[in-house]
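The values are calculated or read from the model by the stated rules, or taken from the named source; none is laboratory data. Values in this document were obtained by computation on a predicted structure and should not be read as measured data. Counting neighbours? That spans all protein chains shown, and the Cβs are built from the backbone with ideal geometry, glycine included. Just the protein is used for accessible areas: all its heavy atoms, side chains included, with ligands, DNA and RNA removed. Shrake-Rupley method; radii C 1.70, N 1.55, O 1.52, S 1.80 Å.
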Amino acid sequence: MDLIRIGDKLISRRKINATLERIFTLRCQGFSQQEAARQVGVDRSFVSRLETLGEVRRGRRIAVVGFPIANKAEVEAMLRQEGVEYILLLTDAERWDFVRQKNGLDLFNALMEIITRLRDYDVVIIIGSDYRIKVSEALLGREVVGYGIGTSPIRGDRTVDVEELRRLVHQLGRD
């Protein structure tokens with residue numbers, strides 16, 4: 001039921017949920033706690049307490065990009081479990097499909113969009129060849145941590161040590 005009676009008050013769960021969603025949407029869009037609170041008509045301290053109540057992980061925002069990955073599903077599952085916010089993993093076949101399915105301009109735009117998104121993260125883990133790691137460091141201009149899986153050019157999928165990568169994510173995620 002949407003309505004709850006508490007003493008002489010009738011409370012709408014729908015209204016509460018809609019307000020919470022609005023607060024989270026505003027915060028994700030970059031609004032300060034004060035600005036979000038003002039827009040929905042609550043105190044800033046309420047927004048702060050709400051975020052603290054729902055906090056799962058604290059620390060730096062991490063993105064992971066890697067290819068060609070043989071155990072992609074296993075690596076992706078672990079990264080999601082660890083709270084990594086942006087994950088782009090490709091097998092060798094998927095990376096070639098990504099390139100072949102686009103004309104030059106579409107490929108360029110897709111790569112620029114990925115680079116733009118990655119610049120929003122505190123640290124980016126690049127799983128790939130020595131050359132791809134070096135290029136990523138130059139392109140992103142921020143903290144890039146390489147997880148080498150071979151020398152360039154890599155042909156065929158490579159298996160990533162999931163537990164070793166998990167330890168790296170833990171180490172990088174600390175404040």
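Descriptive notes on the structure:
- The residue that is farthest from the chain's Cα centre (by Cα), counting only those in the stretch 101-141 that are open to solvent by less than 80 Å² (accessible area, probe 1.4 Å) and small (Gly, Ala, Ser), is Gly104.
- Selection within the stretch 59-91: residues that are in contact with a Lys or Arg (Cβ under 9 Å, 6 or more places away or on another chain) and open to solvent by 50 Å² or more (accessible area, probe 1.4 Å). The member of this set that is modelled with the lowest pLDDT is Arg60.
- Pick from the stretch 1-31, criterion open to solvent by less than 70 Å² (accessible area, probe 1.4 Å) and at pLDDT below 90, ranking: nearest to Glu85 (Cα to Cα): Gly30
- A Cβ distance below 9 Å, combined with a sequence gap of six or more or placement on separate chains, defines the contacts here; from the stretch 99-116, residues that are not in a helix (DSSP H, G or I) reach residues that are not basic (Lys, Arg) in the pairs Gln101/Leu107; Lys102/Phe108; Lys102/Asn109; Lys102/Ala110.
- Test set (1) more than 17 Å from Ser129 (Cα to Cα); (2) without any contact (Cβ under 8 Å) to a residue 40 or more places away in the chain - Val84 fails condition number: (2)
- The set of residues in the stretch 151-175 being more than 21 Å from the chain's Cα centre (by Cα) and surrounded by 15 or more Cβ atoms within 10 Å (Cβ to Cβ) consists of Ile154, Asp157, Arg158.
- Residue match in the stretch 152-162 (condition: in a helix (DSSP H, G or I), on the phi < 0 side of the Ramachandran plot and in contact (Cβ under 8 Å) with a residue 60 or more places away in the chain): yes
- Yes/no for Arg44 being farther than 23 Å from Tyr131 by Cα and either among the small types (Gly, Ala, Ser) or surrounded by fewer than 15 Cβ atoms within 10 Å (Cβ to Cβ) (or both): yes
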